[in-house]
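One structure below.
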Amino acid sequence: MSLVRTSILSLGAALLFTSASSSLAASSEVDFKAAYAAAEAANKEAGGLRNQWTVTAAALAAAKKAADSGDFDKAVAQSKEAEALAKASIFQATSEKEAWKTLEIK
Amino acid sequence: MASTIRVRAISSGETTEVQALIQHPMDSGFVKDAKGEIIPPHFIQELTFEYGGKSVFVADWGAAVSKDPYVKFSFKGGKKGDDLKISWVDNKGATDTATAKIQ
Amino acid sequence: MNVRSAIHLALGLVALAALVAGVPPGLAADTPDPVADARAFQKFFTDKFPKVTLQDFVNGPYSMNEDMHRQWEEKEQFPPYEFALDMGKEMFSKPFTNGKSYADCFPNQGIGIRQNYPYFDEKEGKVVTLELALNRCREANGEPPFSYVKDEMAALTAYMAFTSRGKPFDIKIPNDPRALEAYQNGKRYFYTRRGQLNFSCATCHVQSPGERIRAEVLAPALGILNAMPIYRSEWSGMGTISRRFTTCNSQIRGVPLNPQDDEYRDLEYYLSYVSNGLPISGPGARP
């Protein structure tokens, strides 16, 4: 059961990530700000669930760093990655509300 | 300041078993602090155990020995009630000594 | 409906009735039963490791591996936590600037009481851990609080644990629904998967004790807090319960909460309770 859960999480992250890479035109600062805001919002929601991931913070930092140096393609890609990770952490927190019982020693 | 050396020496007739725990940061000089700056090397370079005026154990240490090193060894001889002298010198020239009675 | 689906429905209802009937009378299906939990918890580990006596579980990985046990026995003759213990004893006896001391904040002058922590404070409605109580004592006497993850707190709790060596954990859950809820929160935290690596505390300490994670041998969850605080070779120093909880979180790539946040207090409450009866062995040493 745990394998299924893990693969769902990675599948979810992978799907969100590939949708980011399929954009054709070069990204602008506006694109970055939107993507970053979405990622931050998702991470904030994860924070409310007391379940943020360290890698989400790292992706957000990488996005900001890329944007600061003008590489908006990378910045958008990293933001989308951060959003995917944040959403996966929300999924984890939500499903674990019931799923934890399967591990309990009885 | 309290001694940095804790030692216990137990004689069992023919041989004496010695254990020592030494308080020392043993900084290798390869580790960075939270600000990203190298913590300068600060480690014991020589550790000596003397019995009856003679060295029974001498260690030449370097960066590879961890913080608060623990040493255990045995030497031939050593009588109950006799003194065992321990001393160390580090790369900054600091030293400490201690004397313990063999049990 | 036809006969076949009627039979299915009837069978389903009978099965459901059997399930519900299995719940002890007077207990709703989701009311926690800590006494039963603790019994099941201890039985799980003693069944899994029949050669380990109940008391030995407090030695963590050393009770899981013979070679490590031998090395640990040698190490215990001259344990690496000695310096922290001495420092803790000095700190504990030194009065605050206002003339009072830690002894004034605790029952029995703070000696031999570690096994009673954490406890549920009915006035506050929350779990109070030893680390929290120590900092509250400091603040009540005009002293700045210590970091929960650094050496000073570790030294103090090392000394207090030492004065309780051998005494069995005696955690109480008062007849208060808030206490039961705190216990349940702690239990839920323990089994909940978190972090990008999707581990719960149970993943390592219930499913895999005695097995290796990278180069380390995993400790069983039973008795896991009894040796705290610990001198950990990996840290080249002492660490408190707070330090271990927060670093465990980041190791599985979950952002740690703040030391002594409700979740951690409740977790400590649960873990200590299910180890009731096992002796305090702190301060300890670990790889």
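Coordinate-derived values only; no laboratory data. A quick note: this is a predicted structure, and the numbers were derived from the prediction, not measured. Every residue, glycine as well, gets a Cβ built from its backbone with ideal geometry; the counts of neighbours run over all protein chains shown.
Rounded to the nearest 20, the size of the Cβ-charge dipole of the protein assembly as shown about its Cα centre is 720 debye, with Lys and Arg at +1 and Asp and Glu at -1.
In the neighborhood of B:ALA20, defined by Cβ-to-Cβ distances under 9 Å, what is the net charge if each Lys or Arg adds +1 and each Asp or Glu adds -1?
Result for the neighbourhood of B:ALA20: +3.
So which of C:LYS48/C:LYS187; A:LYS64/B:LYS67; C:LYS123/C:LYS187 end up more than 32 Å apart by C-alpha? Table pairs above 32 Å Cα-Cα are A:LYS64/B:LYS67.
Using a 10 Å cut-off on Cβ to Cβ distances, tally the other chain neighbours for every residue of B:63-72 and report the average as a whole number.
Details: counts 0, 0, 0, 3, 5, 9, 1, 6, 1, 4.
Going residue by residue through B:63-72 and averaging, the value is 3.
Take the alpha carbon gyration tensor of region C:96-159, find the square roots of its eigenvalues, order them as a ≥ b ≥ c, and report rounded if a/c is under 1.5; if not, report prolate when a/b exceeds b/c, else oblate. Mind dumping the intermediate values first?
Values: a/c = 1.33, a/b = 1.25, b/c = 1.07.
Rounded, because the longest to shortest axis ratio a/c is under 1.5.
Computed from Cα atoms, the angle from the helix C:262-273 axis to the main principal axis of chain C rounds to 80 degrees. Annotation for C:LYS123 and C:HIS69: the two label points, set 7 Å from Cα along the Cα-Cβ direction, are 4.6 nm apart. Checking every one of the chymotrypsin sites (Phe, Trp or Tyr not before Pro) in region C:122-201 against DSSP loop status and a limit of 13 other Cβ atoms within 10 Å picks out no site at all.
Here chain C is assigned +1 on the Cβ of each Lys and Arg and -1 on the Cβ of each Asp and Glu. Its dipole about the Cα centre then comes out at about 500 debye. The residues packed around A:ALA63, meaning those with a beta-carbon under 13 Å from its beta-carbon, carry a net charge of -3 if Lys and Arg are +1 and Asp and Glu are -1.
When the helix-only estimate is applied to the protein assembly as shown (DSSP H runs of n ≥ 4, each -39,500 (n - 2.57), divided by the residue count), what is the mean residue ellipticity at 222 nm, nearest 500 deg cm²/dmol? Before the final figure, lay out the partial values.
Details: 14 runs with 207 residues, N = 496.
That comes out to -13500 deg cm²/dmol.
The mean number of partner chain beta-carbon atoms within 10 angstrom of a residue's beta-carbon across peptide A:95-106 is 6. Looking at region C:205-245, the trypsin sites (Lys or Arg not before Pro) that sit in a DSSP loop and have at most 14 other Cβ atoms within 10 Å of their own Cβ are C:ARG214. Just to confirm the number: angle between the C-alpha axis of helix C:3-21 and the first principal axis of chain C, 0 to 90 degrees, nearest 10? Long axis of C:3-21 versus the principal axis of chain C: about 30 degrees. Among the GluC sites (Glu not before Pro) in region C:211-275, those placed in a DSSP loop whose Cβ has at most 15 other Cβ atoms within 10 Å are C:GLU211. Helix C:241-251 and the long axis of chain C differ in direction by around 60°, with both axes built from C-alpha atoms.
Quick check: net charge around C:ARG114, other residues with Cβ under 13 Å of its Cβ, Lys/Arg +1 and Asp/Glu -1? Working shown, then result.
Numbers: positive: C:ARG165, C:LYS167; negative: C:GLU131, C:ASP170, C:GLU268.
Around C:ARG114, the charge tally is -1.
Calculation over all alpha carbon pairs of the protein assembly as shown in 20 angstrom steps from 0 returns a P(r) of 19, 44, 30, 7, 1, 0 percent.
Treating the beta-carbon of each Lys and Arg as +1 and of each Asp and Glu as -1, no other charges, what is the dipole magnitude of region C:167-287 about its Cα centre, to the nearest 20 debye? Charge dipole, region C:167-287, about its Cα centre: 280 debye, nearest 20. What does the C-alpha gyration tensor say about the overall shape of chain C? Classify as rounded when a/c is under 1.5, otherwise prolate if a/b is larger than b/c, or oblate. Judged from the Cα gyration tensor, chain C comes out prolate (a/c at least 1.5, a/b above b/c). Per residue of peptide C:232-245, the mean number of Cβ atoms on other chains within 10 Å of the residue Cβ is 1.
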